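Shown next, in structure tokens, is the structure this report addresses.
The values are calculated or read from the model by the stated rules, or taken from the named source; none is laboratory data. Just so it is clear, the structure is predicted and the values come from calculations on it, not from any experiment. Cβ placement follows ideal geometry from the backbone for every residue including glycine, while neighbour counts extend to all protein chains displayed. Surface accessibility is based on the protein's heavy atoms, side chains included, excluding ligands, DNA and RNA. Shrake-Rupley method; radii C 1.70, N 1.55, O 1.52, S 1.80 Å.
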Amino acid sequence: MDREQIRRVMIGVNIIEGSYDEISRRLGIKENLLVLLYALDDGRAHSQVEISRNWMMPRTTLNTIVKECVAKGLVMLEPQPHTREKYLRLTPAGQAWGQKILPPVYQAEQRAFEEVLGQAGGAFVEGFEAFARALCREMGSPCPPKEESGDKSP
């Protein structure tokens, strides 16, 4: 890949990031709240460390949003045995709220994905993940562990 192609990829990454910022504004929520809701919408419990690392959100920002969501009854904290760490999970109210907030996001993603990638989507995603991990290593940044297949990542 030459310099111009890499530049185009990085501009594309920034356009994608800006798209999530724009839709969060239209939905009337903070982008970081959208990220948390999106991260927890897979039905699994996740630690704050995992979400911070995988979704590139500062721990202090995440902690503030988690406290707000716990106070509103949207997120519950699940203590883990033999550790101070707690896992996050959407409450039934949080799941119901997510079912109102997330469909426009998922629908836009699906339409864009199908429009551009169609059957080649799997190869694109694998290649993009590999590029992201290689770039992370080359820049000396801590790389999040590889997600399990089926994860709904923006």
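For this structure, a couple of remarks:
- Answer from Glu85, Glu50, Glu109 - the residue that is under 29 Å from Ala132 (Cα atoms) and surrounded by fewer than 16 Cβ atoms within 10 Å (Cβ to Cβ): Glu85
- Qualifying residue in segment 67-81 (condition: surrounded by 16 or more Cβ atoms within 10 Å (Cβ to Cβ), part of a helix (DSSP H, G or I), in contact (Cβ under 8 Å) with a residue 40 or more places away in the chain and over 14 Å from the mean Cα position of the chain (by Cα)): no
Listed here are the residues, each with its yes/no results for (1) under 14 Å from Cys69 (Cα atoms); (2) not in a helix (DSSP H, G or I).
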{"position": "Arg8", "(1), (2)": "no, no"}
{"position": "Val13", "(1), (2)": "no, no"}
{"position": "Ser24", "(1), (2)": "no, no"}
{"position": "Leu34", "(1), (2)": "yes, no"}
{"position": "Asp42", "(1), (2)": "no, yes"}
{"position": "Glu50", "(1), (2)": "no, no"}
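- The residues of segment 88-106 that are surrounded by 15 or more Cβ atoms within 10 Å (Cβ to Cβ) and assigned to a helix (DSSP H, G or I), listed by number, are Gly94, Gln95, Trp97, Gly98, Ile101, Val105.
- Qualifying residue in segment 134-143 (condition: open to solvent by less than 70 Å² (accessible area, probe 1.4 Å) and in contact (Cβ under 8 Å) with a residue 12 or more places away in the chain): no
- Subset of segment 116-133 [among the aliphatic types (A, V, I, L, M) and either surrounded by 12 or more Cβ atoms within 10 Å (Cβ to Cβ) or closer than 20 Å to Arg7 by Cα (or both)]: Val116, Leu117, Val125, Ala130, Ala132
- Evaluation of Asn32 against the conditions (1) over 12 Å from the mean Cα position of the chain (by Cα); (2) closer than 29 Å to Cys136 by Cβ; (3) of a type in the set (S, T, N, Q); (4) open to solvent by 50 Å² or more (accessible area, probe 1.4 Å) shows that the sole unmet condition is (1).
- The test for being β-branched (Val, Ile, Thr) and within 13 Å of the chain's Cα centre (by Cα) holds for Ile51.
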